[in-house]
1. Set the Förster radius R0 to 35 Å, insert the Cβ-Cβ distance between E:Leu44 and D:Glu99 as r into 1/(1 + (r/R0)^6), and round the FRET efficiency to 0.05.
2. Consider just the alpha-carbon atoms of region E:1-80 and return their Rg together with their Dmax, both in angstrom.
3. Roughly what % of DSSP beta bridges within the protein assembly as shown run antiparallel, to the nearest 5?
4. Hey, with R₀ at 25 Å, roughly what FRET efficiency would D:Trp62 and E:Tyr206 work out to, going by the Cβ-Cβ distance, to 0.05?
5. Length gain on complete extension for the stretch A:Trp438 to A:Val285, per 0.36 nm per residue less the alpha carbon to alpha carbon distance?
6. Please list 3J(HN,Hα) in residue order for region E:292-305, calculated via the Karplus relation 6.51 cos²θ - 1.76 cosθ + 1.60 where θ = phi - 60°; whole Hz, with x for glycine and proline.
7. Can you give me the relative contact order of chain B as a percent, contacts being Cα pairs under 8 Å and 6 or more apart?
8. Summing Lys, Arg as +1 and Asp, Glu as -1, what charge do residues with Cβ under 10 Å from the Cβ of B:His233 carry, B:His233 excluded?
Amino acid sequence: MRVFDFWLPLIVPLISMVVGVIIFFLREEQRSLRTFLNIAGAVVKVILVHFMVLGVYQNRFYEFRLPMFGDVEFVLHADPLSLLFAALSSVLWLVTTIYAIGYLEDSPNRSRFFGFFSFCVSATTGIALAGNLITFIIWYELLTLSTYPLVIHRGTTDALQAGRTYLAYTLLGGALVLVAFVWLNSLAGPVDFAERGSLAHVADQYQLQLKIIFGLLIAGLGVKAAMVPLHGWLPSAMVAPAPVSALLHAVAVVKAGAFGLVRVVYDLYGLELCGQLSVMPFLAVLATVTIIYGSLRALFQDDLKRRLAFSTVSQVSYIALGISILGPIATTGGIVHLVHQGLMKITLFFCAGNYAEKLHIHRVSEMDGVGRRMPWTTLSFTLAALGMIGVPPMAGFVSKWYLGSGFVEAGQSWVILVLVASSLLNGAYFLPILYRAWFAQTDDKDTTAISWRLSEIHPGLLWPPLITCLLALLAGLFAGSPASPLFWAEVITAREYGL
Amino acid sequence: MTAHLVITVVLVPILASIFTLFCGDMMRRVVCQIAGLTVLGSTCLIAYQTGHSRDVLNIVLSGWEAPLGIRLYLDGLSALLLLTTAIIAVCITFFAEAYFGVKARSGRLTFFWPLWFLVWAALNGLFLSGDVFNLYVTLEIINLAAVAMVALPRTHESLKAALNYLVIAFLGSLSYLFGVAILYTSHGTLDIQLLAELAGIDGPYILAAVLIFIGLMIKTALFPLHFWLPPAHASAPTPVSALLSGLVVTASAYMIIRLGFTVFAPLMHTPLTLLLGVLGGLAVLWGSVHALIQERVKMVVAYSTVAQLGYVFLALPVVVSGSDLAAMVWYGVLYFVICHACAKTAAFLAAGTLINVVKHDRIAQLSGAAQHWPMVFMAFGMAGVNLIGLPPSGGFIGKWLMLQAMINSGQWLLVLILIAGSLLAAGYIFRVLGIALQTSEDSRPPVPAPLQLTLTTMILAVLPLLLGVFSQLPFSLLAVGSPFGALP
Amino acid sequence: MTVALLYSITGFLLFLMGICGLIFRSSLIRRALALNITASGIFLFIVAQAYKGESALPDPVPHGLVLTGIVIGASATALMIYLIGVLRYVSPGDNDSGEEE
Amino acid sequence: MIQIIINLVSGGLLIVGLFFFIAGILALWRFPDTLCRLHAITKADNLGLGFIIFAVALQVGWSVLLLKLIVVYLLILYASALNGYLIAQYAHHQDKSNEVK
Amino acid sequence: MAAATPSDILLCLLILSLALGVLGDANPFRGVIIFIVFGLVMALSWTRLDAPDLALAEAALGAGVIGVLFLVALRKQGEKDVSLATQRLRLNSVTIISGLLLIVFIVYLGALGVFSAWKTPGKGLVEPVYESLHLTGVSNPVTAVILNYRAYDTFLEIGVLYLVMLSVFALQPDEKAKFTSTEQYDRMLRSYARGIVPFMVLAAGYLLWAGAFRPGGAFQAGAMLGGAGILLHLSRPAMLLDMRGLVARLSLVAGFFSFCILGILAMLYGFDFLQWPSHLAKHAILTVETASTLSIGLTLTGLYASVERKLISPAIFYSGEEDNP
């Protein structure tokens, strides 16, 4: 089985790339073949990832190494953290593909869409499995390249404008990360991501340079993680079709930035060095500002998807906040929030997509009595929204609870204020939507009972939000069980802190 | 055996050029294809054998040893360049056949083929030649043939552009010749390797270096001396533009690197390279800004040539500080130039396919074109990825090495220019793609692009990406006979 | 001031004169003449350096190079003159084989 | 003895030849229009050249070189006759067109 | 080293003044005339510097054929100084600066280079050439250099001439050369040409043959042949040069092709490319020289005919005109 362990990390990103290339050459009419390929690719990927998860749990060693030039190598290495993100993106890709097939029923050039769609997911899994700096940046830039055509898929002028801003931000971010990585490479030679950070051997010589590089990395990765000054592209990218904004701007792209931050802090710099360089407060302040700013802006957005976009901006910074507080529980909270927030946010976007598709509702003000007409979608929307606020049964509560106790344990009590304030703000911009959906009196006053028929919308569009909402609920309820993301996060933290 | 194989690489295109003068239309197409494929085959063999035997090959011509006779010098670099030129040339041959179509079957355009094969032979001769004067003769053949091909459409603008190109190229060759003359008078030999051993900094040596570098800077269209390139592209037929930007400019860039790191190596460690660096930086910025404001696709790609070749000179000042950095620069610049040749040719062929179908390449009227011809713009996008230097492409590896060398030597201005150049390149590539990806209202049934055109464009567009991913083989080939040994 | 040095300096001055003529003259035929003079200047410099004095035999290799140079220079000038002829024959805007738009 | 006489005679012939050349140049400078200049210069130069070649022939004596010298002289005569005719024709053509204008 | 005699100084001043005349003169016609005189004086200077081969080549090719081409180009252009203000080397700030930079740089370094070059006079390759001259099959060192030591350079150089002819064919208009020239032919010129051309062809043959042991060779003979061809065309204005024939195209390609064939033969027999075994060297060089002379002569005549619009290019043959070649 040795050879299988060598090739597996390469096969996982490669599947969706191969599927993407094949789909590119399919003609528009070959709808059934395209659907089959998509679903098959997604299912195989989920199975392989979970196979690797089991393997890594029995600490098998998966690594793919291809020497590129000189001493620089293309390394794909599966460790618990990368598998967490890979599992998240492969599962959600399966769900979103089903949703996208239903959503783009008759729209033009779908081959192009699904081609770039699978490229994008292969880039995300590539980022997850990247083992050293150059591999990470290769997949990072590939993610930008594959998401640009999706953002401008509709081809309207404002889609193009959104694409331009998206490119401007992300290419600039990519350039910053490139300069930082090359500088690091020249200082410390070819560096792999290692469990407890791999810059110890140069830590004392280049104190100042390492600080500057850390700043560059925060800025570069912050663009994708939508940190405050660099988040401009996320709201404007909402013009993309619903599956794009669902998978990409809630899960793939944004999480890639957050995942990059986790990698840099834990596997590149390592805890002691970060503490030593005292850059953590800088990151914490930035995260706090983003959380508060994101929630405040979300309050005043009338367009539903823009409100969700700003809520993503603030939620992702929870992860950054969790990381920046150097305590094991806070880190677990941050990492597990990466998964939970993904599940809940994607449900919200699916529901927003359903409303736009079926009832042509785009604005919050038009959502009166939506619950009566589309009960199931609104139910999943409600559960996900409650989860975002942090109401107990949902996954959101679990991660916020761990974050809170982590802050207390690390003695940073002022952070709890931030947590409480942002939860209140979440409530402030989600609860009115829920009230409008269920209790607002529509003018035609049809007081007939809500018909819980499952045919309110095309099944391909109905089931995905329900599934992801269920997953979020299960992740919340069975947080303790070994199969839950929380357990896996604890495994990661244990290895990071060497407990 | 490779000695005879190497000679066939130069001879076969010449014989093809002679035969195409005598045979009728059908025979000519057959001769062209056979000649193209045989040269491709032999270059692959040469590359394999050089990579396998890992030693440099000196082929003595007409039986006389170095100082008296001429020597062909085959090392990893020339083998790799021969291979890339062969691949690009075969693609251009098939592209030109379909592109000119019936026009080239009779009448004066039939003479495009002999000219084209002569240029190919001269390019192979140039990459192989180990003699400084022989480089002059091959460079002259390439330039005169390029001038004739630029003037092929016989329009007023193309003739004026061709004449301007001829005047400037002739001046460049004369300045190069004067440099060679001074080298001969002070060192008594014309062979590159012997000159490299005798190289010592004194009066005539510096003058020779200045003259040779000015001559070659004119030919690589470096910043203040680049005025001939854009008009030449504006009116030349697309296969000629692809040749001009892809191969001719690469040939003189190769000569700069070859002479710079062997004959003028001691000069490389003097602040003289700082001037070249400044000019390179200016070229990058000037070319990119101009490319942003062009309104024709071919002109965008032409100005991008001026910009991209600025990088060759941008990385030179780094050599001053240390020899291990010089190795990084040597590998980075060469890999960048090779990938740039493929990507630039692919971009031009994509523009050519567009012109063949839509009869114009004005960017403003291209909105929605990506829907009708998805493959053409996919190829243009992939070529663009390499021009910008985004990861999956070979250009990225070239830039990574250059960036690393610049950072190690602490030249932060150069880092800034390199990054600015990449972002500007992203600007003009995605400007074209953005407009093409719009959804156009007029749904007039699109004329499908001929398969032969799209196929050749796609092959050349994929090549730099392959060079990016499987970069281990080309680098091991480059290490054969490189003045710095394997990359540290 | 030996023979070789005198002729080398003349060659060098011819080279400079040719370049000045090229830059400050705009008519194409005048530029062709300037290029030829530059070329003659370089060849004079080469042969002057190969001159080894009254009795000694001169170095034939530069003579071979200059012969090649003269033929190449002549053919380049011939091409230039031909292009000038064609340029006058083709009036502006008339595109013979309308390849572009 | 004979040698001295020959040297003296060839020296004298050289001077005479030179005299005719100078006369030709003076004519070229002094005469008003093309046709007169042409008339003077062709006559004077050919004659001057004849004397010079005769002087050189004396020095060379009976050898193949003498034959070559004579062939050279005949060729020059043949060529200068044609040049005179062509220039005259051109000048005549030029005058006619001036009057017509 | 021989000291510079007053005649040398005079010759150099003459060369420089003629060059100034060519560049400075307002009327281009006078500029070209002075250029031809400059070519002849250059030939004189080559003889002064012991390079008779170059003198012949310069006189025949540099001053002769190129001078005629310039004159024809001017005649076509009409008398007035059409400065043909084509798109000039745009004299905006950048080109002027780069031009001045070039000149200042070279003048400063030139002084450094030329003088100091003189201080370290390289001995060049005099000894090696003369030592192995007996192996090259010819006794004229220059012919040995261009056709044996550096045969590859000459091979490519013949390629340059072949290339120029190809570009002329590529740019000829497609319609058949139907221009019957208006000038009535000149009886006097015709009889002169009839007298002198055979003599020129004979002289070209002699030059070709003498190339082996005395100054002369392929290029000089080819230039002489070209001159004869041009004289023929001058004297018969109505005569068209028909390049469509197989013989015409074969002789055009002869020089270039002969190099290829002999090179391949040498390789087949185990020698290097373009290596003549010493006992066969003389014959090989002779064949190559005759072929090259033929193609150079035809190319130069073809160039003249094309500038004079009297060339029927082979392209017309391909354009379906099936009359016998």
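1. E between E:Leu44 and D:Glu99, to the nearest 0.05, is 0.25.
2. Calculated on Cα positions, Rg and Dmax stand at 14.3, 50 Å.
3. 90 percent
4. The value I calculate is 0.65.
5. 51.3 nm
6. 5, 4, 4, 6, 5, x, 5, 4, 5, 4, x, 4, 4, 4
7. 16 percent
8. +2
A short reminder: the numbers here are calculations on the coordinates, not readings from a lab. Fair warning: this is a prediction, and the values are worked out from it, not measured in the lab. Cβ atoms come from the backbone with ideal geometry, glycine included; neighbour counts cover every protein chain shown.
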